[in-house]
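One structure is given below, encoded as structure tokens.
Read-outs throughout are calculated quantities, based only on the coordinates presented, and are distinct from any laboratory measurement. As the structure is a computational prediction, the values presented were derived from the model and not from experiment. Here the Cβ positions follow ideal geometry from the backbone for every residue, glycine too, while neighbour counts run over all protein chains shown.
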Amino acid sequence: MKILISADMEGATGVTWPADVLPGTPQWERCRGMFTSDVDAAVLGFFDGGADDVLINEAHWTMRNLLLEQLDERAQMLTGRHKALSMVEGVQHGDVDGIAFVGYHAGAGMEGVLAHTYLANQITGVWLNDVRASEGLLNAHVVAEYGVPVVLVTGDDVACEDALGYAPEALKVAVKDHVSRYAAVCRTPARTAADIRAAAKEAARLAVRQEPVNGGPFTVAVEFDAEHLAMAATVVPGVERIGERKVAYTSERMYEGIRTFKAVTTIVSAAVEEQYG
Ligand SMILES: [Zn+2]
């Protein structure tokens, strides 16, 4: 049994503030340890539950956050940037039986600790076929095309509630309770590691490859916090402006859908000028 762990940082234990997840800051250095603790707990739980192979795919920002040297020696880690499937890279080779979303968070415009979808502030909402979408929802559609079930989701309580919509069967572990975008009631790493390990052990039973699902066509709409970003995004082929600050595109498969989304976020990031006012 092979498990893939998609590891994002905003939903990790103890993380509530932008500096906590911004590479190079002292707070990030500190929070990497708690992030690694969450991921390692999932690794241990999956091996407890009978996994033979666990691959961790770093999914946050530069994709170089986890401390390899603190992980269980049986795990392997895919670290670094530029991967065809981004946050769920590794799912496409036909050998993964289940995927865990560790450290996930609510989507742009939703309540939730550090809620966003790819970009922190420039994207104010994403909709997939008119349903408000988080990264978890988008990625769940990608992995479904490879027949891989989402078996475990960890994050704040809002991320767990969000996961009820896209992975109702998956085990969920809330490592903190949302108070505001930048505040949460946090549980200690010792406590959350025990919770995650126990849930991952149980989640291993759900790791059974399914028939691939093609739920398309997928229409993705993206709203920005400034109108020029909508203009900038339309350089991506297939992306049309549908409002003053909103664009949309349609893909037959989520494989293309997520790649177009990455292209849009890359172009839009480059179109953000200095702050003023
Ligand atoms: Zn992230």
How large is the charge dipole for the chain, taken about the Cα centre, if only the Cβ atoms of Lys, Arg (+1) and Asp, Glu (-1) carry charge, to the nearest 20 debye? 140 debye
With helices defined as uninterrupted DSSP H runs, which ones in the chain have an alpha carbon span along their own long axis of at least 18 Å and mean Kyte-Doolittle hydropathy of at least -1.0? 26-48, 189-203, 254-270
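Going by the alpha-carbon gyration tensor, a ≥ b ≥ c the square roots of its eigenvalues, is segment 1-141 rounded (a/c under 1.5) or, if a/c is not under 1.5, prolate (a/b greater than b/c) versus oblate? If you can, show how the numbers build up before the last one.
Details: a/c = 1.90, a/b = 1.22, b/c = 1.56.
Verdict is oblate for segment 1-141.
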Two pseudo-spin positions, 7 Å from Cα along C-beta at Asp130 and at Arg205, lie apart in nanometres by 3.8 nm
For segment 151-166 and segment 208-240, what is the separation of their C-alpha centers, rounded to whole Å? 22 Å
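Within the set of other residues whose C-beta is less than 9 Å from the C-beta of Gly125, count the net charge using Lys and Arg as +1 and Asp and Glu as -1. Please report the intermediate quantities before stating the final value.
On the way: positive: Arg132, Lys246; negative: Glu223.
Within the 9 Å Cβ shell, the charges total +1.
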Percent of alpha carbon pairs in segment 86-170 separated by more than 17 Å? 44 percent
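Taking the chain on its own, what percent of its Cα-Cα pair distances exceed 29 Å? Kindly include the intermediate steps, with their values, before the conclusion.
Numbers: 10465 of 38226 pairs.
Summing the P(r) of the chain above 29 Å gives 27 percent of all pairs.
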With θ set to phi - 60°, apply the Karplus curve 6.51 cos²θ - 1.76 cosθ + 1.60 along segment 229-242 and write out the HN-Hα couplings as whole Hz, x wherever there is a Gly or Pro. 6, 5, 4, 4, 5, 6, 6, 6, x, x, 8, 10, 7, 10
Please work out how much length the chain gains when fully extended from Leu164 to Glu240, using 0.36 nm per residue of separation minus the C-alpha to C-alpha distance, in nm with one decimal. 24.3 nm
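Can you sort Asp72, Asp157, Asp38 so the residue with the fewest Cβ neighbours within 10 Å comes first?
Ranking Asp72, Asp157, Asp38 by Cβ neighbours within 10 Å, fewest first, gives Asp72, Asp157, Asp38.
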Sorted by Cβ neighbour density within 10 Å, fewest at the top, the residues Tyr249, Tyr255: Tyr255, Tyr249
Lys and Arg at +1, Asp and Glu at -1: add these up for the other residues within a Cβ distance under 15 Å of Phe47 and post the number. -3
Checked segment 113-156 against the a/c 1.5 cut and the a/b vs b/c comparison, axes a ≥ b ≥ c from its Cα gyration tensor; verdict oblate
Over all directions, average the projected area of the Cα convex hull of segment 218-270 and note it in nm². 3.0 nm²
As an exercise, use a Förster radius of 45 Å and the Cβ-Cβ distance of Lys83 and Glu274 to find the FRET efficiency, rounded to the nearest 0.05. 0.90
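Does segment 151-277 come out rounded, prolate or oblate by the C-alpha gyration tensor, with a ≥ b ≥ c the root eigenvalues, rounded set by a/c under 1.5 and, if not, prolate when a/b is larger than b/c and oblate if not?
Numbers: a/c = 3.14, a/b = 1.49, b/c = 2.11.
Cα axes put segment 151-277 in the oblate bin.
Tally Lys and Arg at +1 and Asp and Glu at -1 over the other residues with C-beta under 12 Å from the C-beta of Met231: what net charge comes out? Please report the intermediate quantities before stating the final value.
Working: positive: Arg241, Arg245, Lys246; negative: Glu227, Glu240, Glu244.
Local net charge: 0.
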Cα to Cα, under 23 Å, and not fewer than 8 places away if on the same chain: which lysines meet these conditions relative to Lys246? Lys262
So, in Å, what gap is there between the alpha-carbon centers of segment 81-112 and segment 1-48? 14 Å
For the chain, the charge dipole (Cβ of Lys, Arg +1; Cβ of Asp, Glu -1; about the Cα centre) points to a positive end, and the Cα of Trp17, Gly238, Ala106 closest to that extreme belongs to Trp17
If I stretch the segment between Arg253 and Ala183 completely, what's the gain in nm (0.36 nm per residue apart, minus their alpha carbon distance), one decimal? 21.5 nm
